[in-house]
1. Looking at (1) exposed (fewer than 14 other Cβ atoms within 10 Å of the Cβ); (2) within 18 Å of residue 92 (Cβ to Cβ); (3) at pLDDT 90 or above, find the lone condition where residue 230 falls short.
2. Residue 177 - would you say it is modelled with pLDDT of 80 or more, surrounded by fewer than 16 Cβ atoms within 10 Å (Cβ to Cβ) and either in contact with a helix residue (DSSP H, G or I) (Cβ under 6 Å, 6 or more places away or on another chain) or closer than 18 Å to residue 49 by Cα (or both)?
3. With the structure loaded, tell me whether residue 202 is under 17 Å from residue 91 (Cα atoms) and either in a strand (DSSP E or B) or at pLDDT below 95 (or both) or whether it fails that test.
4. I'd like to check which strands (runs of 3 or more DSSP E) are fully inside segment 45-138 and have at least 1 residues that are at pLDDT 75 or above.
């Protein structure tokens, strides 16, 4: 997660430095008072924050101490877009991530490597974004999103334990925070980068009484945005 945050901050810093190189910052200016519709296909790399697991029974085995579940980096695809006007945008967004479950670490520090297991995390949100004009080429984007999220997993197998409710889904309320940078290639096409912090539902398994904390996802998103004036 720390590596992902470093990469994201580095990209944003590079974008701001590039903006200064091309033109002087023009803070306080607003975009033209015009309305437009847009669509943005996007991809991302993300890190699911390690989850605490409160001990309980799993089939014939029992976790007697709390565990920590760690994940590998996940890849994601998505699409967003609806409507913008001047400095504001209202968009619907789908974002789907899949990451490998790496290991469980118990309270004594013992690490149990997972032999299999994938964690899926999908969000459907309505986002409100403010596009702060830096100059004619770059915008700083800040926003918040509200919606629902699904957790979906495939069998998790660690030595002596198996969680095998393949394909189960858990849909609950979700929200996200968004900070990004847009490079306006021309009036119709823009390259977008963003850091998203997403909060989603807890996991639950039919063959266990384990308790997991809420899903937290950190993702760096790259998109290509197309817009048409209306």
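The values are calculated or read from the model by the stated rules, or taken from the named source; none is laboratory data. Not measured: the values here are computed from a predicted model. All Cβ positions, glycine included, derive from the backbone under ideal geometry; neighbour counts span all protein chains shown.
1. Of the numbered conditions (1) exposed (fewer than 14 other Cβ atoms within 10 Å of the Cβ); (2) within 18 Å of residue 92 (Cβ to Cβ); (3) at pLDDT 90 or above, the odd one out for residue 230 is (3).
2. It is true that residue 177 is modelled with pLDDT of 80 or more, surrounded by fewer than 16 Cβ atoms within 10 Å (Cβ to Cβ) and either in contact with a helix residue (DSSP H, G or I) (Cβ under 6 Å, 6 or more places away or on another chain) or closer than 18 Å to residue 49 by Cα (or both).
3. Values: under 17 Å from residue 91 (Cα atoms): no; either in a strand (DSSP E or B) or at pLDDT below 95 (or both): yes.
Criteria not met by residue 202.
4. Working: elements: 51-54, 67-71, 73-85, 88-106, 111-113, 118-133.
Strands (runs of 3 or more DSSP E) meeting the threshold: 73-85, 88-106, 118-133.
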